[in-house]
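Novice: Please see the structure below; I have some questions.
The values are calculated or read from the model by the stated rules, or taken from the named source; none is laboratory data. Keep in mind that what you see is a predicted model, and the values were worked out from it rather than measured. Using ideal geometry, Cβ is built from the backbone for each residue, glycine included, and neighbour counts are taken over all protein chains shown. Accessible surface areas use protein heavy atoms only, side chains included; no ligands, DNA or RNA. Shrake-Rupley method; radii C 1.70, N 1.55, O 1.52, S 1.80 Å.
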Amino acid sequence: MRPSLPFSRWPQVLEDEYRGQGFWLDLPLSNILQRHRDNQGTAVICGERHFSYAELNRLSNNLAAQFVCRGLGVGDTALVQLPNIAEFYIVFFALLKAGIAPVNALFSHQKLELRAYASQLNPALLVISDEHPLFTDEVFTAELKTLAPALDLVCSAGECNFALHLSSLCSMTVDVDVDADIDCNSAAEEVAFFQLSGGSTGTPKLIPRTHNDYYYSVRRSAEICQLDGATRYLCALPAAHNYPLSSPGALGVFFAGGCVVMARDPEPLRCFSLIEKHGVTMTALVPSAVILWLQAAPGYQQQLSSLKLLQVGGASFAEALARRVPVELGCQLQQVFGMAEGLVNYTRLNDSDERIFTTQGCPMSSADEVWVVDPESHTPVACGQTGMLMTRGPYTFRGYFNAAEYNVSAFNPDGFYISGDLVTQDENGYLRVVGRVKDQINRGGEKIAAEEIENILLRHPDVLQAALISVPDALLGEKSLACIVAHKTAGQSELKPVALRKYLRAQGVAEFKLPDRFQFMASLPLTAVGKTDKKELRQQIFTTAPAI
Ligand code: AMP
Ligand code: DBH
């Protein structure tokens, strides 16, 4: 048997405390589904397809058995990239049951991200969809195999002539009792899967999440959101994202025995008709999607009448918009401020309107330790003052995967994660997100690490200096602006925005990470140590002509 995957564990005293307080139950994450194995109620609706809990359990058992009989198990990892379809959950539970730890890439990810995940994890298994342009032929799969020597099994949702088809694997039964659960899970204190970090560094980082910590965050989230068997949740954000997966997300709904309705994306009219058709009671959106829903809602109130709760999170949500939600969408608002690294804050359902409209909630767990500190000295600021958020707790990770050096700067010596978010906290523990010190752009909830894009731009032969900064945007909250200094020798024609975007696309950069605008400059301001002075750069940009 292979050893379990390495990761940064909690110190024993904290593990004991989290167990002692009943936060960690030593159950595998797949228990979320298995506890409903005899439930004939609908777990997932995906287009015209309805899956009961019993069916979801059986299909994921079959698939897990296929993986196990091919020799896969604890110590193995998988790279998964699926759109919002029921197979996302079948595969997720199958991998958990087989003890294989997946990373679920976003469907918008391209070569750059998939290469990074493949080379960091060396997955034995790749699960793809024939709908993704990268997998219309075998070329990119072959490249991934060179980056991940362990990769020898490729499965696909849909038709794909170089992969095994998920549909046939799920319907095949191995020589085992079909009703018996496959139970090759990794131990509850080990890594269950990897979550994605929005990041602020050159390469995308992976967040190990254990069964114990993730299961706790799901249970507690389901409790705070008062989910039950009657909950019907519309999953309109990318299913792999931490927010629609666990806050309380689809896993919270499964835990409570409710039903998840899949939407391709948050496009309002399609979502409105799914809400009406399936009597959806709650959903989760990012602020930019709420703006589109508010624009589209007039005349559709009737269709939305089953919707009771709208969660909004992932990026700053203006108070003026928050106040419009109950009036114009006819449902309660819940603000959610979370991170794939762990800590999630919610406004509570019985909070006053004032709190719900003006704060991003308070930590979900009594064991969440939240510090608001001076970003330089890490000393606490006074209550109500702006400071940087640092946190530690029963479901906040203790280190990025295989990144010992970086982890030294991402955590303080006591294991507090340094989030890089600027917040205020009031005397009741409620947080407001007011900014950030990390070098990241939050483009409508999709996070872009400035350094990742800058590094690629700097590899362009005509680019001497590059800096990516955020600029305000009415819909997305923020868009990205690339400030470029060209080499003196560069032909001017080369450095048009269209050419640079084409170059970035050719490097495999996901569409949402392409700079929205470019500004060509003679030089970039530098700090005393010779790094780009983004504060000064911002000043210059906003006092000069608009970028193209
Ligand atoms: P990620 O690292 O991709 O999981 O993104 C987490 C980050 O998203 C947080 O650290 C915040 O910067 C941002 N974020 C999440 N929810 C909110 C919110 N409700 N308001 C403002 N920013 C948020
Ligand atoms: O933005 C996020 O990453 C996020 C937002 C809300 C998150 O991870 C979550 C809730 O769990």
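Novice: Of the listed peptides 208-218, 25-35, 260-270, what is their order by residue-averaged count of other C-beta atoms within 10 Å, with the highest listed first?
Specialist: 208-218, 25-35, 260-270
Novice: Using a 1.4 Å probe on the protein chains only, how many percent of the accessible area of the stretch 71-188 belongs to carbon and sulfur?
Specialist: The value for the stretch 71-188 is 52 percent carbon and sulfur by accessible area.
Novice: So how long is each side of the stretch 443-541 along the principal axes, counting just the alpha-carbon atoms, biggest first, in Å?
Specialist: 38, 34, 20
Novice: Could I ask something else about it? Run the simple label-point estimate for Cys383 and Asn122 please: 7 Å along Cα→C-beta, distance reported in nm.
Specialist: That separation, rounded to one decimal, is 5.2 nm.
Novice: If you don't mind, another one. Round to a whole number: what % of the accessible area of the stretch 299-407 belongs to carbon and sulfur, probe 1.4 Å?
Specialist: Whole-percent figure for carbon plus sulfur exposure: 49.
Novice: Which order do the peptides 194-202, 319-327 come out in when sorted by mean C-beta neighbours inside 10 angstrom, highest first?
Specialist: Top of the packing list down: 194-202, 319-327.
Novice: Something else: Restricting to bridges with both residues inside the chain, how much of the DSSP beta-bridge set is antiparallel, in percent to the nearest 5?
Specialist: Antiparallel: roughly 55 percent of the beta bridges in the chain.
Novice: I'd like the distance separating the alpha-carbon centroids of the stretch 245-318 and the stretch 72-115, in whole Å.
Specialist: 24
Novice: Would you kindly calculate the mean projected area, averaged across all directions, of the convex hull enclosing the Cα atoms of the stretch 282-338, in square nanometres?
Specialist: Averaged projected hull area, Cα only: 3.4 nm².
Novice: Here is a further query. Grab the DSSP H runs of the chain that are 4 residues or longer, score each as -39,500 (n - 2.57), total them, divide by all residues and round the 222 nm result to the nearest 500 deg cm²/dmol.
Specialist: Theoretical 222 nm ellipticity from helices: -8500 deg cm²/dmol.
Novice: First select every other residue whose beta carbon is under 14 angstrom from the beta carbon of Ala188; then total the charges, Lys and Arg +1, Asp and Glu -1.
Specialist: -1
Novice: From the square roots a ≥ b ≥ c of the eigenvalues of the alpha-carbon gyration tensor of the stretch 202-251, which class results: rounded (a/c under 1.5), prolate (a/b over b/c), or oblate?
Specialist: oblate
Novice: Also, quick follow-up: What is the diffusion coefficient of the chain in µm²/s, taking the Kirkwood radius over Cα pairs and the Stokes-Einstein relation at 10 °C with a viscosity of 1.306 mPa s?
Specialist: Translational diffusion coefficient: 66 µm²/s.
Novice: Return the aspartates and glutamates within reach of Lys438: Cα separation strictly under 18 angstrom, same-chain partners fewer than 8 residues apart disregarded; answer none if there are no such residues.
Specialist: Glu341, Asp374, Glu376, Glu405, Asp421, Glu446, Glu451, Glu452, Glu454, Glu478, Asp533, Glu536
Novice: Moving on. Summing Lys, Arg as +1 and Asp, Glu as -1, what charge do residues with Cβ under 12 Å from the Cβ of Pro208 carry, Pro208 excluded?
Specialist: Result for the neighbourhood of Pro208: 0.
Novice: Based on the mean of other Cβ atoms within 10 Å per residue, sort peptides 516-526, 52-62 so the most packed one is first.
Specialist: Averaged packing, sorted descending, gives the order 52-62, 516-526.
Novice: Still on this structure, I have one more. Relative contact order for the stretch 443-541 using alpha-carbon pairs under 8 Å, separation at least 6, rounded to a whole percent?
Specialist: About 27 percent, as a whole number.
Novice: Please compute the modelled spin-label separation between Arg19 and Ser273, points set 7 Å along Cα→Cβ, answer in nm with one decimal.
Specialist: Roughly 5.3 nm, to one decimal.
Novice: Probe radius 1.4 Å, ligands and nucleic acids ignored: give me the carbon and sulfur share of the accessible area of the stretch 443-541 as a rounded percent.
Specialist: It is 52 percent, rounded to a whole number.
Novice: I would also like to ask the following. Using a 1.4 Å probe, what is the accessible area per residue for the chain, in Å²?
Specialist: For the chain, the solvent-accessible area averages 39 Å² per residue.
Novice: Using alpha-carbon pairs under 8 Å, 6+ residues apart, how would you state the relative contact order of the chain in percent?
Specialist: 12
Novice: Net charge near Leu329, counting Lys/Arg +1 and Asp/Glu -1 over other residues with Cβ under 12 Å of its Cβ?
Specialist: Residues near Leu329 contribute +2 overall.
Novice: Compute the distance in nm between two label points, each set 7 Å from the Cα along the Cα-to-Cβ direction, one at Thr527 and one at Asp152.
Specialist: For Thr527 paired with Asp152, the spin-label model returns 4.8 nm.
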